[in-house]
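Report on the following structure.
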Amino acid sequence: MLRGRILPRIIAPLLALLGAITVGLLGAGPLFPLPSDTILINEVDAETPGTDTAEFIELYDGGSGHTNLDGLVVVFFNGQDDRAYRTFDLAGHQTNSDGYFLLGNESVAGVDLVFPDNVLQNGPDAVALYCGQASEFPAGTAVTGNNLQDALVYDSDDPDDPG
């Protein structure tokens, strides 16, 4: 879990610096949306008893609240082939007043963005938060560190995937 949190903390400030340089050199806005360095994947529940109807991913903005999520996308990756199998564009959404945003099944209390039951695979798999749009991560897209904001790799009692 720690490995997924270190890389974004390095990349986000570098992207912000590059965006600032771009603004200074071109006199225009950045060429790409700059990541919010405060949005993290706080919790994932990928397996629930019986039919998976209470799966969720919780994002957190550090407690700021009402943080705009435009320019961010959540991507589900299959650990068997390290490829995307589902994406969710967060454009038009924001965290609640306490700083949380929930993607999950309809039966999850307080869910902000619903995805169907049994969609989030049980593992070994990953959930990643990227700067970008869902169209950039069609099914089958390989895992990448480009524009990565945060990631959480999770496992079940299956053998670990060396990749």
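Inside the stretch 96-136, residues that are within 13 Å of residue 84 (Cα to Cα), open to solvent by less than 10 Å² (accessible area, probe 1.4 Å) and modelled with pLDDT of 95 or more make up a count of 4. Contact map, the stretch 50-64: residues that are in contact (Cβ under 8 Å) with a residue 12 or more places away in the chain paired with residues that are open to solvent by less than 10 Å² (accessible area, probe 1.4 Å) and of a type in the set (D, E, K, R), Cβ distance under 9 Å, separation 6+ or inter-chain. Pairs shown: 59/150.
Residues in the stretch 146-160 that are assigned to a loop (DSSP other than H, G, I, E, B) and either modelled with pLDDT of 95 or more or surrounded by 16 or more Cβ atoms within 10 Å (Cβ to Cβ) (or both): 146, 147. Among the numbered conditions (1) modelled with pLDDT of 95 or more; (2) outside any loop (DSSP other than H, G, I, E, B), the only one that residue 70 does not meet is (2). When 111, 75 are checked against the criterion of being in contact (Cβ under 8 Å) with a residue 40 or more places away in the chain, closer than 16 Å to residue 40 by Cβ and either in a loop (DSSP other than H, G, I, E, B) or not polar (S, T, N, Q) (or both), a single residue qualifies: 75.
The values are calculated or read from the model by the stated rules, or taken from the named source; none is laboratory data. All figures in this text were calculated on a predicted structure; none of them were measured in a lab. Neighbour counts run over all protein chains shown; Cβ positions are idealised from the backbone, glycine included. Remember, those area values only see protein heavy atoms, side chains included, never the ligands or the DNA or RNA. Shrake-Rupley method; radii C 1.70, N 1.55, O 1.52, S 1.80 Å.
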